[in-house]
Structure formats: C-alpha cells, structure tokens
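Beneath this line is the structure, given in structure tokens, with notes to follow.
Please treat every number below as a calculation from the coordinates, not as lab data. If you're wondering where the values come from, they're calculated on a predicted model, not measured in any experiment. Neighbour counts are summed over all protein chains in view; Cβ atoms, including those assigned to glycine, are modelled from backbone coordinates with ideal geometry.
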C-alpha cells in the first residue's frame, strides 16, 4: 500500500506540463543534470544525486519537480530537517501556481517528518545581542535575529555554531543533537575582545649638531701596554751607584792596607825592642837591616792604605745621593796592644 501511494504521488507530479523540467528548463545544462540525477536516484544513489539536483535548482529555482525529488533524496539519507524544509518550499510554490492537489501532497509529506525533527534553540544574552556587527551561523548558514530564540529544525548529528562580532574574537561551538524529536538549548557566550595592538614607539628627533660636536673628536687615547710584575724591567744603574760601589771597594782595600800596616808596624816595633835587648852588646848589620825592612813595609802599607781610604772618601762625597733613604758608610777603628796590633771595620751598604 505504501509503495502504491508513492507511485501515485510520483505520477501526480509527473502528470501535466508543469511537472516536467523540459517545459521549464532554461537550457540544455539543466535538462542534462536533471536526467542524470533521476538516473542515480532510481539506482538508490541519492548521495550522488543530491549535488546534481542542487546545481539544477540553483540555475532555475522555479523547477518544482527538481526540488521535490531533492527533498525525497534528503529524506532517504536521514537528513530530516533538510527534507522537511524542501517539502515546505514545494508546497508554497504549488500554492502560488494554484496546484491544490500537489500542495496538499507536499504538506502531508512535510507533516509526517515534523514529528521526527530535532530542534536547536539558541539563547542569546542581552550583552551579546548588543554587540555591533553580531552574526550567528549554524553550519555556515546565517541565522536571522528573529530565529535565535525560536526552535530551529536541524538534522541529526553534530552542528557547528559560529559567533562573530566587530572588535571581538570568533567563537565556535560544536553542538550534538540528542536524537529525533528532541530539543537542544545552547547559550551563546560573550566573545572575548580582540587583543590590543601595541602602540608603535615614538621616535624622538635627533638633537641638532652643536658647534662643539661639529669639531673633529680627539683621537682615542691608546691604553699603555700592561707590564707583568714578573717582567717588570729593573731600573738602570746610575753613574752614582757605580761610583759608590767603586768607593766601597777602594775603601775596603785601603782599610785592609792600613790594617796590614798596623800589623807589620807592630811586628817591627816588637822586633826592634827584642833586637834592642839582644843586641845591646853586639849589633849585626843583617839583623838591623831585617828590622828596617819590616818597618819600611809597615810604612808603605800605611801610606797606601791612607791613599786608598782618601780616594774612597772622595768618591763617596762626590757621588749623587741614592733615591732610597738607607745610608751607606764605612767605619774603621784601629786597635793597639802590647805585642799585637789590629783594627775593626764596620760598614752599611
């Protein structure tokens, strides 16, 4: 019975000149699309027939059979909301053209699907609805503001809700319907504002060149090369240092000569006294000559030592003063005793 009813319905739409797209087609392209879509529909390939029906409908929206078979394919694919909306549009077109029976049939098909429809209700708060340039789309279709809070028929499955507003970031919601004959309510959130763009940094103008700056800058001072302590050069020895050293050496030799003269003088005196006692009665020329020779040596050493000490004194007195505060000097103290003679020398350098 059901198959018979559908066959009768098809015959009703195909009957009359209005039912055939050949009488209303505006070109061979529409006719070719319609024929190919009908062939696929009869083979049960509604998923492939739908794009062809849509393309033909876009070229000529007055074609009632094209939209009717498109609604039928949607219904077979389980897209109840799309099929219901197409049946309603077919009924409206038939009413405009006075096709009463066809209108009644299309409305009956739409009413049968209405009980199975899923509905989506969008709740838009006042702060969101007041945003400038607000747009709300469902699956890419722009929703009129009057339909925001009204239950809208949707196909079963997931749906994408997009919210856009001027100066706000886009918000995307994914909503899944609960099943046939159910209603899903969704509150539209307030889109966050766009991040503020950083202000460009102000470039301060460069100060005008002054008279001082117009002159050539002085050449950079080169840094003195660093000298390691371990490699620090020793100060050159001055002439005064050399003269002081020579004076000290001469003074030392002179003092040694004086000491030698004192020692030999003491020996000569001792021998003279001894000889005087031994030779009171008899003096020999040889012994007298030996005592005289020792005395001459002593005299010579005294003279040489005096000269050397004098030269050392001259050198010390005429040499430049040293840079340090430490003093230099030489002290000689002769010592005489019974049967012996000598001296001590002290110096600071």
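Here residue 76 and residue 169 are evaluated by their C-beta separation; at R0 = 30 Å the FRET efficiency comes out at 0.15. Bridge orientation summary for region 118-187: considering DSSP beta bridges with both residues in this region, about 75 percent are antiparallel.
Ranked by the mean number of other Cβ atoms within 10 Å per residue, highest first, peptides 55-62, 101-108 order as 101-108, 55-62. Each principal axis of region 118-187 carries a Cα extent, and these read 37, 18, 17 Å when sorted largest first.
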